[in-house]
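Structure first, then comments.
The values are calculated or read from the model by the stated rules, or taken from the named source; none is laboratory data. The shown structure was predicted, so the numbers you read here are calculated from the model rather than taken from an experiment. Glycine also receives a Cβ, built like all others from the backbone with ideal geometry; neighbour counts cover every protein chain displayed.
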Amino acid sequence: MTTRLRPSSSSNNPPDPSVYVRNKRVKKNVEISAGDAEELKPQQPIKPSGLPDIEDLANKKASKLPKLRKSKSTSGTHVPDAGVSPFIRTAKPPANWEKVLEGIRQMRSSENAPVEVEFMGAGEAGSSLPPKEKRFAVLVSGLLSSLSKDYVVHGAVQRLLESDLLTADSIAKADEETIKSKIYPVAFYKRKASFMKRIANICLSKYDGDIPSTLEDVLKLPGVGPKMAYLVMTLAWNNVQGICVDTHVHRISNRLGWVSCGGTNQKTNTPEETREALERWLPKEEWVPINPLLVGFGQTICTPLRPQCGKCSISDLCPSAFKEVSTPKSAPKKSAPKKSKKRENLAFK
DNA sequence: CTCCAGTACG
DNA sequence: CGTACCGGAG
């Protein structure tokens, strides 16, 4: 069954109407002096003795986030007017984007899409929990899910749930080895177990055992990058702060020419750039569904290595169709003989 | 042996 | 920017 999240469909958590302020690069600009960094961190809660130096961790993380692209002062058009207009287009949408989306939806519903689960991992795990624990569960399953198979994540979350290890409190108290054994074999489980402990401690000391409620603060959590932060804001707080862009969304957006529109012929080289570019024209109703949609599409048809353009119903609308590109990064150089492509890459090293 | 639905660290 | 982290599946 297709669980397509709608931004405002869920009724339990009232979506914050004022949310829609496009976050511009605040803080992370690096290079700024220590004084500036201070002012980004409003309140300074008392730190219980005995806990790791959380502030330090947070600072470290924050200071290294997005490297900053260009100054991009939002070109003036955008005003952070809370609640007035939910979406202000600052770039012209690419031609036929609606047809393209519709086409992809069709393909996704006919081909069986393995990805349905995706958001589910998080959502389902917490469905029977109280809101606060549910949010924490969403955060944890998001963390576990990166570069892991969905069913593996699902199993791990179930084991954590059975062991009562899905709250900040219990995780903070639990032995790290125990956590490892529960979440195995998710990718990077050792590291993630460590992240979970640190996150739990931060949540306890700064957020009363809850998860941070702002994008900025979620991003400060160790092991949580942009991709997951937007996911968590959406699923845990029902607060759509931005588009959740992973490598599939990144790659496909580039193939479709969706991020080189609107006068400027910019290309995006990172998922973060793609997110910003997409947000400039994609209507907000699509911000959430775009991810599951493109991820499914990206796994079955528009694959990174050898896209199945022959099976793709919108290839006539795709500038990259049948071009045999490998990845957005490696130059689309005229592809080599297909079968030996892999070997060739190897030899190239 | 390669490829992942990322993120931290040098 | 490059690289390590981890395991399982093609």
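Here's the yes/no breakdown for (1) of a type in the set (Ser, Thr, Tyr); (2) at negative phi:
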residue: A:Arg191; (1), (2): no, yes
residue: A:Ser194; (1), (2): yes, yes
residue: A:Arg198; (1), (2): no, yes
residue: A:Ile202; (1), (2): no, yes
residue: A:Ser205; (1), (2): yes, yes
residue: A:Leu215; (1), (2): no, yes
residue: A:Asn238; (1), (2): no, no
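Looking for whichever is touching a residue at least 60 places away in the same chain (Cβ under 8 Å) and surrounded by fewer than 23 Cβ atoms within 10 Å (Cβ to Cβ) here; the options are A:Lys180, A:Lys197, A:Lys227. Which one fits?
Going through A:Lys180, A:Lys197, A:Lys227 in turn, just one is touching a residue at least 60 places away in the same chain (Cβ under 8 Å) and surrounded by fewer than 23 Cβ atoms within 10 Å (Cβ to Cβ): A:Lys227.
Can you tell me which residues in region A:186-201 are out of contact with any helix residue (DSSP H, G or I) (no Cβ under 6 Å at 6 or more places or on another chain) and in a loop (DSSP other than H, G, I, E, B)?
Listed by number, the residues that qualify are A:Ala187, A:Phe188.
Name the one entry in A:Leu235, A:Leu204, A:Leu166, A:Leu231 that is part of a helix (DSSP H, G or I) and farther than 30 Å from A:Asn269 by Cβ. Full working, then the answer.
Working: A:Leu235 fails: farther than 30 Å from A:Asn269 by Cβ; A:Leu166 fails: part of a helix (DSSP H, G or I); A:Leu231 fails: farther than 30 Å from A:Asn269 by Cβ.
Only one candidate passes the filter, namely A:Leu204.
Under the condition of being assigned to a helix (DSSP H, G or I), within 13 Å of A:Ser253 (Cβ to Cβ) and more than 13 Å from the chain's Cα centre (by Cα), which residue from region A:295-306 is nearest to DNA strand C (Cβ to nearest atom)? Steps first, answer last, please.
Our first condition is that a residue be assigned to a helix (DSSP H, G or I); within region A:295-306, this holds for A:295-300.
Now narrow it down to the ones that are within 13 Å of A:Ser253 (Cβ to Cβ): A:295, A:297-298.
Adding the requirement that they be more than 13 Å from the chain's Cα centre (by Cα) leaves A:297-298.
Numbers: A:Phe297: 18, A:Gly298: 15 Å.
Taking the candidates together, the pick is A:Gly298.
Among residues belonging to region A:82-97 that are farther than 16 Å from A:Gln241 by Cβ and at pLDDT below 80, point out the one that is surrounded by the fewest Cβ atoms within 10 Å (Cβ to Cβ).
Result: A:Ser85.
Free of Cβ contacts under 8 Å to residues at least 40 places away in the same chain, surrounded by 21 or more Cβ atoms within 10 Å (Cβ to Cβ) and not aliphatic (A, V, I, L, M): does that describe A:Thr270? Reasoning before the result, please.
Working: free of Cβ contacts under 8 Å to residues at least 40 places away in the same chain: yes; surrounded by 21 or more Cβ atoms within 10 Å (Cβ to Cβ): no; not aliphatic (A, V, I, L, M): yes.
It is false that A:Thr270 is free of Cβ contacts under 8 Å to residues at least 40 places away in the same chain, surrounded by 21 or more Cβ atoms within 10 Å (Cβ to Cβ) and not aliphatic (A, V, I, L, M).
Condition first: among the acidic types (Asp, Glu), modelled with pLDDT under 55 and assigned to a helix (DSSP H, G or I). Can you find one or more residues in region A:115-131 that meet it?
Yes, there is a match, as at least one residue in region A:115-131 is among the acidic types (Asp, Glu), modelled with pLDDT under 55 and assigned to a helix (DSSP H, G or I).
Taking the stated definitions as given, is A:Leu235 surrounded by fewer than 23 Cβ atoms within 10 Å (Cβ to Cβ), of a type in the set (A, V, I, L, M) and away from DNA strand C (no atom under 16 Å from the Cβ)?
no
Output the number of the condition that A:Val152 fails; it satisfies all remaining conditions of (1) within 21 Å of A:Gly242 (Cα to Cα); (2) among the hydrophobic types (A, V, I, L, M, F, W, C); (3) within 12 Å of DNA strand C (Cβ to nearest atom).
For A:Val152, the exception is condition (1).
I want to confirm something. Restricting to region A:148-168 and keeping residues that are among the acidic types (Asp, Glu) and surrounded by fewer than 16 Cβ atoms within 10 Å (Cβ to Cβ), which single residue is farthest from DNA strand B (Cβ to nearest atom)? Full working, then the answer.
In the first step, residues of region A:148-168 are kept if they are among the acidic types (Asp, Glu); the result is A:150, A:162, A:164.
Still in the running and surrounded by fewer than 16 Cβ atoms within 10 Å (Cβ to Cβ): A:162, A:164.
Details: A:Glu162: 22, A:Asp164: 25 Å.
Applying the filter and picking the extreme gives A:Asp164.
Is at least one residue of region A:177-199 of a type in the set (Asp, Glu), within 16 Å of DNA strand C (Cβ to nearest atom) and closer than 30 Å to A:Cys318 by Cβ?
No, the conditions are met nowhere in region A:177-199.
Tally up the residues in region A:214-249 that are over 26 Å from A:Glu176 (Cα atoms) and not charged (D, E, K, R), please.
18
For region A:273-289, give me the residue count where each residue is surrounded by fewer than 22 Cβ atoms within 10 Å (Cβ to Cβ) and either β-branched (Val, Ile, Thr) or on the phi > 0 side of the Ramachandran plot (or both).
0
Anything in region A:203-224 that is within 18 Å of A:Leu165 (Cβ to Cβ), within 12 Å of DNA strand B (Cβ to nearest atom) and surrounded by 23 or more Cβ atoms within 10 Å (Cβ to Cβ)? List them, or say none.
The answer is A:Leu221, and nothing else.
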